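**Q** I'd like to ask some things about the structure below.
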Amino acid sequence: MLILQRKAGESVFIGEEIEVSVLSVDAGRVRLAIQAPKSVAILRSELKSAAATNREAADEGTSPLALLDALRRPAEGSGRETGGV
């Protein structure tokens, strides 16, 4: 894992085609802009977790209430997302 410090207006590149820019840092929240090819999926961690839970539920026959409980749990870590914050 690489850990970096960046200020608003600074960015990092991942490979040749992906740029992550820091738009702002306010009250402990960071706004990021991600430029990547459309072929690269970008999801927040909670959405990725929800998708995995949904797949497991479909395989196991988990109840809808258990799925709702999984979605309400706070997300761990960070992820990638397409669209707004």
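**Q** On full extension of the chain, what length is gained from Lys48 through Phe13, given 0.36 nm per residue of separation minus the C-alpha to C-alpha distance?
**A** Working it through step by step, the gained length comes to 10.3 nm.
**Q** Going by accessible area, probe 1.4 Å, with all protein chains left in place, what is the ranking of Arg73, Arg6, largest first?
**A** Result, largest first: Arg73, Arg6.
**Q** Now for a different question. Return the sequence-ordered ³J(HN,Hα) values of the range 34-41 in whole Hz as given by the Karplus equation 6.51 cos²θ - 1.76 cosθ + 1.60 applied to θ = phi - 60°, using x for Gly and Pro.
**A** Taking θ as phi minus 60°, the curve returns 10, 10, 8, x, 4, 6, 8, 6 Hz for the range 34-41.
**Q** If you rank Glu16, Glu60, Glu10 by how much accessible surface each has, with a 1.4 Å probe, what is the order from largest down?
**A** If we order Glu16, Glu60, Glu10 from most to least accessible, we get Glu16, Glu60, Glu10.
The values are calculated or read from the model by the stated rules, or taken from the named source; none is laboratory data. Please read these numbers as outputs of a predicted model, since none were measured by experiment. Just so you know, the surface numbers come from the protein's heavy atoms only, side chains and all, with ligands and any DNA or RNA stripped out. Shrake-Rupley method; radii C 1.70, N 1.55, O 1.52, S 1.80 Å.
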